[in-house]
Amino acid sequence: QVQLVESGGGLVQPGGSLRLTCTASGSIASINVMGWFRQAPGKQREMVARIVSDDAVAYTDSVKGRFTISRDSAKTTVFLQMNNLRPEDTAVYYCNAVIKSSSSRSFQAYWGQGTQVTVSS
């Protein structure tokens, strides 16, 4: 089975930094997309950043210039380096990936369980 495991969330002061990590494991044949979503209380879930198989990246406007998405050489781990954090970045951050498992003939979206990021003085 395919699993996404997240880490790196926590409490940080405004202007501080955190790095989130998400690792996909299991019987993986191919990963098309890995990325991060976030959801704050009372708000819709939004895409934060994504990286695709051709290494193209995309960010939501509010994090451009502050966040950087990257992945390891095996392309099974994705990172989100978050700098100059703001209180409005407070949310649960979810890793997601579109993956074809070794037992499947099609791609399927997978989600991590989420990690809390709190930006506060």
* From the residues in region 107-121 that are more than 14 Å from Val33 (Cβ to Cβ) and hydroxyl-bearing (Ser, Thr, Tyr), which one is surrounded by the fewest Cβ atoms within 10 Å (Cβ to Cβ)? -> Ser121
* **Test: residue in region 58-66 that is farther than 23 Å from Ala91 by Cβ and either touching an Asp or Glu at 6+ places or on another chain (Cβ under 9 Å) or open to solvent by 50 Å² or more (accessible area, probe 1.4 Å) (or both)** => no
* To do: Identify, by number, the condition in (1) open to solvent by less than 50 Å² (accessible area, probe 1.4 Å); (2) modelled with pLDDT under 95 that Ser73 doesn't meet.
  => (1)
* Test for Val92: is it in contact (Cβ under 8 Å) with a residue 24 or more places away in the chain, in contact with a Ser or Thr (Cβ under 8 Å, 6 or more places away or on another chain) and buried (at least 20 other Cβ atoms within 10 Å of the Cβ) -> no
* To do: Restrict the check to region 28-36 and report whether at least one residue is under 18 Å from Gly114 (Cβ atoms) and in contact with a helix residue (DSSP H, G or I) (Cβ under 9 Å, 6 or more places away or on another chain).
  => no
* May I ask you to list the residues in region 1-27 that are farther than 12 Å from Gly114 by Cα and surrounded by 16 or more Cβ atoms within 10 Å (Cβ to Cβ)? => Val2, Val12, Leu18, Thr23, Ala24
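The values are calculated or read from the model by the stated rules, or taken from the named source; none is laboratory data. Since the structure is predicted, the reported quantities are computational estimates derived from the model, not experimental observations. Neighbour counts are summed over all protein chains in view; Cβ atoms, including those assigned to glycine, are modelled from backbone coordinates with ideal geometry. Surface areas here come from the heavy atoms of the whole protein model, side chains and all, with no ligands, DNA or RNA. Shrake-Rupley method; radii C 1.70, N 1.55, O 1.52, S 1.80 Å.
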